[in-house]
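Asks: My structure is below; once you've seen it, I'll send some questions.
The values are calculated or read from the model by the stated rules, or taken from the named source; none is laboratory data. Because the structure is predicted, anything quoted here is derived from the model rather than measured. Cβ placement follows ideal geometry from the backbone for every residue including glycine, while neighbour counts extend to all protein chains displayed. Only protein heavy atoms, including side chains, enter the accessible area calculation; ligands, DNA and RNA are left aside. Shrake-Rupley method; radii C 1.70, N 1.55, O 1.52, S 1.80 Å.
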Amino acid sequence: MKYRIVFSLPIHEHFEVVLDQILNITTLNAECAIIIHESPAFDYGKSVLSREQFLTAISNLGLEEYVYINPVKVRTGMYDIIQAHLSNFSYASQNLDFHFFSMLASNELFIKPGLYDEIKDFDCGLNHKPLRSVSNWAGEKLAYEDNDLSSITKATGEEIYISQVEGSFYRKDIFQMIFCLITKYFDYKNITSKYAREEIYFPTCFWGLNKDHKYKVCHNFTFVPWKRASLFVNFQEIKMNEKRGSSKYSVKRVERVINDDLRSYIRQHCHYFEKEKKYINIKKVNVCSLYSEEFFNTLKRTVKEVLSFLSRKRVY
């Protein structure tokens with residue numbers, strides 16, 4: 001079988017939430033596969049489902065043809081995730097036939113079908129933004145001091161670019177070239193400083209390969225509310241991007257809590273509630289109440305985001 005899209009998904013907690021996300025992805029994206037990278041630091045103690053229950057649910061739901069667990073585990077953590085996506089691509093390219101490779105986050109959910117039809121005529125989707133044009137990006141100084149990145153830019157003859165990684169996608173052969181270029185110069189085991197390399201390495205390599213503009217490029221497909229303090233999406237933003245005219249097909253961040261109101265709404269609206277309730281104790285949410293609760297939820301998430309930043313616990 002040739003998959004339309006292979007989604008790369010690093011996980012590190014809550015198998016019940018991972019199962020919810022798998023049902024979300026597979027319900028809204030036909031003929032697509034998911035490669036899961038399970039962190040060596042996965043927090044099994046906080047999961048409602050055990051690993052065995054999770055795998056049994058995948059099997060019982062008939063999803064074994066679409067969900068693959070990467071047997072290789074690489075270190076992941078705060079500002080330390082790029083190697084998980086590289087490892088997932090390595091596994092996918094050796095074992096699967098597919099058109100696009102795309103990277104997701106474990107606190108991201110699709111909100112409507114139709115992604116493949118939207119992107120099938122493009123070669124990739126990402127931003128075209130030089131790092132020098134971005135102000136106050138947290139890893140800027142470290143990126144300019146990164147010797148591996150310097151080797152990559154010397155090889156490409158291009159400057160450093162930055163792009164949101166969630167919702168980015170690349171044709172398989174294009175990402176193969178990117179993969180080879182990065183792994184030629186970069187070994188995560190040898191790094192001495194951590195920053196969001198995935199936001200830099202992939203676009204820098206791509207735009208180095210696309211100096212003659214031979215590839216057809218569009219934007220990524222994930223909505224993230226970058227323009228406000230809290231990066232947790234709210235109900236109004238979900239409703240806005242559900243509309244047919246929006247080019248965004250998924251949203252981030254959604255709480256990794258199984259009965260979070262917005263997660264529950266998406267589960268009901270996208271029609272996989274009945275499948276999921278056989279395996280997890282999930283609730284239905286009153287959609288009308290979401291409007292009245294929006295202000296309070298946004299306030300809570302803003303506080304949580306600030307506390308998370310202050311404690312330097314990165315949320316993926």
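Asks: Considering only the range 186-203, state which residues are under 19 Å from the mean Cα position of the chain (by Cα) and in a helix (DSSP H, G or I).
Replies: Selection gives ARG197, GLU198, GLU199, TYR201, PHE202, PRO203.
Asks: Please find, within the range 255-274, the residue that is nearest to the chain's Cα centre (by Cα) out of those that are on the phi < 0 side of the Ramachandran plot, in contact (Cβ under 8 Å) with a residue 12 or more places away in the chain and surrounded by fewer than 18 Cβ atoms within 10 Å (Cβ to Cβ).
Replies: VAL257
Asks: Can you pull out every residue in the range 103-118 that is outside any loop (DSSP other than H, G, I, E, B) and more than 22 Å from GLY245 (Cα to Cα)?
Replies: Residue satisfying the conditions is MET103 alone.
Asks: Further question: Looking at THR27, THR56 in this structure, which one is open to solvent by 10 Å² or more (accessible area, probe 1.4 Å), over 29 Å from ARG197 (Cβ atoms), touching a His at 6+ places or on another chain (Cβ under 9 Å) and at pLDDT 95 or above?
Replies: THR27
Asks: Which residue pairs have Cβ atoms closer than 6 Å, lie 6 or more positions apart in sequence or on different chains, and pair a first residue in the range 185-210 that is of a type in the set (Gly, Ala, Ser) with a second residue that is open to solvent by 40 Å² or more (accessible area, probe 1.4 Å)?
Replies: Here the result reads SER193/LEU142; ALA196/TYR79; GLY208/GLU158, each pair linking the range 185-210 to a residue that is open to solvent by 40 Å² or more (accessible area, probe 1.4 Å).
Asks: On the given criteria, is SER250 under 25 Å from PHE296 (Cβ atoms) and open to solvent by less than 60 Å² (accessible area, probe 1.4 Å)?
Replies: yes
Asks: Restricting attention to the range 62-90, and to residues there that are out of contact with any helix residue (DSSP H, G or I) (no Cβ under 9 Å at 6 or more places or on another chain) and open to solvent by 30 Å² or more (accessible area, probe 1.4 Å), which single residue is farthest from ILE11 (Cα to Cα)?
Replies: Looking at residues that are out of contact with any helix residue (DSSP H, G or I) (no Cβ under 9 Å at 6 or more places or on another chain) and open to solvent by 30 Å² or more (accessible area, probe 1.4 Å), I get GLY62.
Asks: Can you say whether PHE221 is in contact with a helix residue (DSSP H, G or I) (Cβ under 7 Å, 6 or more places away or on another chain), under 21 Å from LYS112 (Cα atoms) and open to solvent by less than 80 Å² (accessible area, probe 1.4 Å), as far as the supplied structure shows?
Replies: Yes: the conditions hold for PHE221.
Asks: Which condition from (1) in contact with a Cys (Cβ under 8 Å, 6 or more places away or on another chain); (2) within 30 Å of ASP148 (Cβ to Cβ) is the one that HIS85 breaks?
Replies: Just one mismatch for HIS85, condition (1).
Asks: Can you confirm whether LEU299 is touching a Pro at 6+ places or on another chain (Cβ under 9 Å), among the aliphatic types (A, V, I, L, M) and open to solvent by 20 Å² or more (accessible area, probe 1.4 Å)?
Replies: So LEU299 does not fit the description; no.
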